[in-house]
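Participant: This structure is in structure tokens; I'll ask about it shortly.
Values quoted throughout were computed directly from the atomic coordinates according to the rules given, and no laboratory measurement underlies them. All values derive from a computational prediction rather than experimental measurement. Cβ placement follows ideal geometry from the backbone for every residue including glycine, while neighbour counts extend to all protein chains displayed.
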Amino acid sequence: AASRKVIVDAGFGPDYKVPGLPHRTGHGIGMDGHEWTNFVRGNKTPIQPGMCFSDEPTIVIYGEFGIRLEDCLFIDKDGPKFFTKQSESIEAPF
């Protein structure tokens, strides 16, 4: 809910007004690429150590373009750990 609020408050994305847009904020990852849980409105699943999931919020300017960036991470006792190295800045993405 927090990531979607930032996107919608900035004027990006039609929220859930257009069927299929925007995409869920994330989903579980395990033996299959898409597993329970789905991070969608109303889901109250607490994020806990041992969970692996994607973080993939979508920004859409309806009728113009959309973008979704996806990171995969797991939660350990110290917090989130990303499977991929995060970029230092938007100017140095790799």
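Participant: Is there a quick way to get the dipole size of the chain? I mean about its Cα centre, with the Cβ of Lys and Arg at +1 and of Asp and Glu at -1; what is the value in debye to the nearest 20?
Facilitator: Magnitude of the dipole: close to 360 debye.
Participant: Something else: Evaluate E = 1/(1 + (r/R0)^6) for MET31 and LEU69, where r is the Cβ-Cβ distance and R0 equals 25 Å; express this FRET efficiency to the nearest 0.05.
Facilitator: The value I calculate is 0.55.
Participant: What is the fewest-to-most order of HIS34, HIS27 by other Cβ atoms lying within 10 Å of their Cβ?
Facilitator: The order, fewest Cβ neighbours first, is HIS34, HIS27.
Participant: So, one more: Test of understanding: ordering SER89, SER54 by Cβ neighbours within 10 Å, fewest first, what list do you get?
Facilitator: SER89, SER54
Participant: Return the FRET efficiency for the residue pair LYS44, ALA92: r is the Cβ-Cβ distance, R0 is 30 Å, and the value is rounded to the nearest 0.05.
Facilitator: 0.20
Participant: Right, something else. Ignoring everything except DSSP H segments at least 4 long, calculate the 222 nm mean residue ellipticity for the chain; use -39,500 (n - 2.57) per segment, divide by total residues, nearest 500.
Facilitator: Result for the chain, helices only: -2500 deg cm²/dmol.
Participant: Right, here's the next one. Which net charge results for the neighbourhood of HIS27, defined as the other residues with beta-carbon distances under 13 angstrom from its beta-carbon, given Lys and Arg at +1 and Asp and Glu at -1?
Facilitator: -4
Participant: Something else about it: Using every Cα-Cα pair within the chain, state what percent have a distance larger than 19 Å.
Facilitator: Value for the chain: 48 percent of Cα pairs lie more than 19 Å apart.
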